1. How much length would be gained if the chain were fully extended between E101 and I165, taking 0.36 nm per residue of separation minus their Cα-Cα distance, in nm to one decimal?
2. Net charge within 15 Å of N172 by Cβ-Cβ distance, Lys/Arg positive one each and Asp/Glu negative one each, not counting N172 itself?
3. Name the most mobile residue of D114, D27, D87, meaning the one with the largest mean-square fluctuation, in a Gaussian network model of the chain with Cα contacts below 10 Å.
4. Label points 7 Å out from Cα along the Cβ direction at I6 and S94: separation in nm?
5. With a sphere of radius 14 Å drawn around the Cβ of Q47, what net charge do the other residues whose Cβ falls strictly inside it have (Lys, Arg +1; Asp, Glu -1)?
6. Accessible surface of Y168 in the full protein assembly, 1.4 angstrom probe, to the nearest 10 Å²?
7. Just how far, in whole angstrom, is the range 96-146 from the range 1-45 if you go by their alpha carbon centroids?
8. What is the chain by shape, rounded, prolate or oblate, if you read a ≥ b ≥ c off the alpha carbon gyration tensor as root eigenvalues and call it rounded for a/c under 1.5, prolate for a/b larger than b/c, and oblate otherwise?
Amino acid sequence: FFLVQIETFEPETLESYELGFKSILFDQSLRLNGAIFFNDYADIQLQQTQCELPFPPFFGGPCLQPGNVGSADVWGIELEAEYAPTDSLLFDASLSTLDFEYQELSSSVAVTLDMITPYTPEMKWSIGGQYTWPMGDLGSFTARIDASYQDDVYGVAINGPTNLIDSYVLSN
């Protein structure tokens, strides 16, 4: 809103640690993968609602200045499996959990420590199965059924009832 609000800010940083496995078992009929991870998220960039005015130590608005305003820890687990007991039959499933927690935030933002970043579901899963009929030189025909779930998410950084996207299941 004011020329004095035009300021540079630092890049966000993310240190990521992951431990996992990938496996193919039972004469290559089962693929099983898993991982657990931790992310140390620093210098998070969010839109500030209170900016420093040209006469420190005063703050005020209106302000929509981006800035480095906090840090967060992110933990998660991912599992996925695919089982093909025959060349024609296939089952697959996946599960993931995510725990996003702000560790510190500047008072210049409207985001609070109990909020989460947008589009970050705590849990997601999917499950499916399919059968394929070979049709000779014409190719093949495959029938599939599957379902997936996503937990509640928020559409913006300032979590509220008007930007809550409820959990849902999709079936095909």
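1. Contour length minus Cα-Cα distance gives 21.1 nm.
2. Result for the neighbourhood of N172: -1.
3. For the chain, modelled as a Gaussian network with Cα springs under 10 Å, the answer is D27.
4. For the pair I6/S94, the computed spacing is 4.4 nm.
5. Neighbourhood net charge equals -2.
6. 90
7. Their Cα centres are 15 Å away from one another.
8. Since a/c reaches 1.5 and a/b is larger than b/c, the shape of the chain is classed as prolate.
The values are calculated or read from the model by the stated rules, or taken from the named source; none is laboratory data. Because the structure is predicted, anything quoted here is derived from the model rather than measured. Every residue, glycine among them, receives a Cβ derived from its backbone with ideal geometry; neighbour counts consider all protein chains shown. Only protein heavy atoms, including side chains, enter the accessible area calculation; ligands, DNA and RNA are left aside. Shrake-Rupley method; radii C 1.70, N 1.55, O 1.52, S 1.80 Å.
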